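The values are calculated or read from the model by the stated rules, or taken from the named source; none is laboratory data. Computed from a prediction, not measured in an experiment: that's the story for all the values here. Backbone-built Cβ (ideal geometry, glycine too); neighbour counts: all protein chains shown. Areas reflect the complete protein model, heavy atoms only, side chains present, ligands, DNA and RNA absent. Shrake-Rupley method; radii C 1.70, N 1.55, O 1.52, S 1.80 Å.
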Amino acid sequence: MADKVVLCVGTKRGLFLLESNRRRQKWTIKGPFLKGWTVHHALIDTRGTPRLHVAAENFAFAANAFSGGLSGERLKPSETPPQPPDMNAKAKKFAKQYGLDMARRIWLIEPGPAKEKKVLYAGTAPAGLFRSENGGKSWEPVESINKHRTRKDWSPGAGGQSHHSIQLDPHDPSRMYVAISAAGTFRTDDGGKRWKPINTAVAKYVGAPDETTVGTCVHKLRVHPTEPGRLFQQNHVGVYRSDDHGDTWNRIDKGLPYDFGFGLALNPHDPETCYVIPLEPEGYAFRATSGALNVYRAGANGKSWKKLSKGLPQKHAHVSVLRQAMDSDRLKPCGIYFGTGGGQVFVSADEGASWSAAAEYLPPVYSVTAAVV
Amino acid sequence: MTSVSAATVTLELPSVLRAVAGWRRIELRGRTIGDVLEGAFERTPILRHHMMLDSTTLRPHVLCVLNDSTIPRDQVHSTSLTDGDEILIHQAISGG
């Protein structure tokens, strides 16, 4: 039986591994690994012998995907890393005009289907989806989405034009979802041959063309692991839920202090629930909390929200939580985890009812993922 | 001065690239720094991805130092070498 919970914490300066037993009360910190590299995402693939996969870049050197054992030592870089495609001319001009991030980087790595243990996916900026069939040694572009007919209308967000969410449908191996800022969410039902924009009724960002089927700024997308067709997204404008594989979306953020946020986590044992961290929207602050750091949990169908603040700082906590920096584990009760721009990692072993800091002085946290190994 | 035969030199990587290359310092032969870098890329192909924009241009913020002298980026590829030269690759770090 798996007896250890490991958090992969990607930071501005290296990777840290936080470990605990199933009680998740005491945590040890190991690292930094890949010292000097900015780690945008890291995870443990638990489909076979657990493997660590890390998306990292350095300001002087190019982005790469690293893989290795759980010790964090001896992480090997990919021999043929993902090569992010160019943005279109309109997007480049827009990014330059507003000083948006144009760096080429790998935003995340996700394991492929359970039966294809060597298959991995990666999302990049500028937006690209890549597939590896050899456990991360080499990567090939998935051109059916990278050259999608709507790409001309994909805009960069403040963090770049990022392909930040990759979700496999747990009930149908030929169905998969991806989300891109600022384009929207896409679904394939035929194993990646064709991709359909699924953004109906999701608010568009200001300036998006009226006629386009994209033009929405999804910040994070998650598919519920047990409830067929159940999706959640934290958007630049609102929190949404879908019960039909994304064909339609219902906005569920009524009752939250802000509809803006990045992080999103699900409870694998409760398909009605999602967790978000509302942040003051751009223009008001630094995309940070208003001094009180709170997680909110959705009630049935998002009709109510419960503020979860026990153990979290309620004054002068002007920190942000990025989109890759929130996750849950699969234990019961499930653990919820998030990291902040101030270098804290907060953990809850009781589905968000109470919180404690497992780390307090790390570099700014870019990603948090949880694995039970 | 232009070397007529290949020189034996050392090439050293910065710490962050050691995670990529798996080595810190190697001895290589070449008439120019470009030759030596090609030798390093032949041995460790992924280094090209991390260091070069194209076949002859270093990425921005990548600095090449030959025997304690910084080589201008546009001269790196063609700079001649003599036996015993030491080439260091650095990250250019600025700020105050």
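If we count every other residue with Cβ under 13 angstrom of A:Ala95's Cβ, Lys/Arg +1 and Asp/Glu -1, where does the sum land?
My count for the surroundings of A:Ala95 gives +3.
Which length gain, in nm to one decimal place, applies between B:Thr56 and B:Ala92 when the Cα-Cα distance is subtracted from 0.36 nm times their residue separation?
Using 0.36 nm per residue and subtracting the Cα-Cα distance, I get 11.1 nm.
With all pairs of different alpha carbon atoms counted, what Kirkwood hydrodynamic radius in Å does the protein assembly as shown show?
Over the protein assembly as shown, the inverse of the mean reciprocal pair distance is 23.2 Å.
List the residues of the range A:202-226 whose backbone N lies under 14 Å from a point placed 7 Å from the Cα of A:Thr248 along the Cα-to-Cβ direction.
In the range A:202-226, the label zone of A:Thr248 (backbone N under 14 Å from the point 7 Å along Cα→Cβ) covers A:202.
Specify whether the C-alpha gyration tensor of the range A:1-83 places it in the rounded, prolate or oblate class, a ≥ b ≥ c being the square roots of the eigenvalues: rounded for a/c under 1.5, otherwise prolate if a/b is larger than b/c and oblate if not. Walk me through the numbers on the way to the answer.
On the way: a/c = 2.76, a/b = 1.60, b/c = 1.72.
Verdict is oblate for the range A:1-83.
For the pair A:Arg22 and A:Phe59, how long in nm is the line joining their label points, each one 7 Å along Cα→Cβ?
4.5
For a quick check, take a GNM of chain A with Cα springs below 10 Å and name the residue from A:Arg149, A:Arg104, A:Arg13 with the largest mean-square fluctuation.
Of A:Arg149, A:Arg104, A:Arg13, the Gaussian network model singles out A:Arg149 as fluctuating most.
Taking Cα atoms, how many degrees apart are the long axis of helix B:33-43 and the longest axis of chain B, rounded to 10 and kept between 0 and 90?
Tilt relative to chain B: about 70 degrees.
Just to be sure I understand: with springs between alpha-carbon atoms less than 10 Å apart, which residue in A:Gln161, A:Gln324, A:Gln314 has the highest mean-square fluctuation in the Gaussian network model of chain A?
A:Gln314
Which value in deg cm²/dmol, rounded to the nearest 500, describes the helix-derived mean residue ellipticity at 222 nm for chain B, given -39,500 (n - 2.57) per DSSP H run of n ≥ 4 and division by the residue count?
On the way: 3 runs with 24 residues, N = 96.
Per the formula, -6500 deg cm²/dmol.
Could you sort out which of A:Lys92/A:Lys196; A:Lys115/A:Lys332; A:Lys117/A:Lys137 sit more than 22 Å apart by Cα distance in this structure? Numbers along the way, then the final one.
On the way: A:Lys92/A:Lys196 24 Å; A:Lys115/A:Lys332 25 Å; A:Lys117/A:Lys137 13 Å.
Result: A:Lys92/A:Lys196; A:Lys115/A:Lys332 exceed 22 Å.
Just to confirm, what accessible area per residue do you get for chain A at 1.4 Å probe, in whole Å²?
41
Provide the gained length on full extension for the span A:Arg131 to A:His171, in nm with one decimal, where the gain is 0.36 nm per separating residue minus the Cα-Cα distance.
12.4 nm
Hey, what's the Kirkwood Rh for the range B:7-52 if you take every pair of different alpha carbons, in angstrom?
It works out to 10.6 Å.
Non-local amide H neighbours of A:Trp139 (under 5 Å, H modeled in plane, Pro and chain starts lacking H): which ones?
So A:Trp139 has HN proximity to A:Thr80.
Projected onto the charge dipole of the range A:199-353 (+1 at Lys/Arg Cβ, -1 at Asp/Glu Cβ, origin at the Cα centre), which of A:Val206, A:Leu231, A:Ile336 gives the Cα projection farthest towards the positive end?
Selected residue: A:Ile336.
DSSP loop chymotrypsin sites (Phe, Trp or Tyr not before Pro) in the range A:278-336 with at most 15 other Cβ atoms within 10 Å of their Cβ, which ones? Show your work: numbers first, answer last.
Working: sites: A:Tyr284, A:Phe286, A:Tyr296, A:Trp305; in loops: A:Tyr284, A:Phe286.
Here the sparse-neighbourhood loop sites are A:Tyr284, A:Phe286.
Summing -39500 (n - 2.57) over the DSSP H runs of n ≥ 4 in chain A and dividing by its residue number, what mean residue ellipticity at 222 nm do you reach, to the nearest 500 deg cm²/dmol?
On the way: 2 runs with 13 residues, N = 373.
The helix contribution divided over chain A gives -1000 deg cm²/dmol.
Can you list the chymotrypsin sites (Phe, Trp or Tyr not before Pro) in the range A:89-137 that are in a DSSP coil and have 16 or fewer other beta carbons within 10 angstrom? Display every interim value, and only then the final one.
Details: sites: A:Phe94, A:Tyr98, A:Trp107, A:Tyr121, A:Phe130; in loops: A:Tyr98.
Those that pass, being in a loop and sparsely packed, are A:Tyr98.
Heavy atoms only, probe 1.4 Å: what % of the accessible area of chain A goes to carbon and sulfur, would you let me know? Walk me through the numbers before you get to the answer.
Working: 7730 of 15270 Å².
Here carbon and sulfur together make up 51 percent of the probe-accessible area.
With contacts defined as alpha carbon pairs under 8 Å and 6 or more residues apart, what's the relative contact order of chain A in percent?
13
Just grab the label-to-label distance for B:Glu27 and A:Ala103, each label 7 Å out from Cα along the Cβ direction, in nm (one decimal).
Output for this residue pair reads 3.8 nm.
With a 1.4 Å probe and every protein chain left in place, tell me how much accessible area A:Ile44 has, in Å² to the nearest 10.
20
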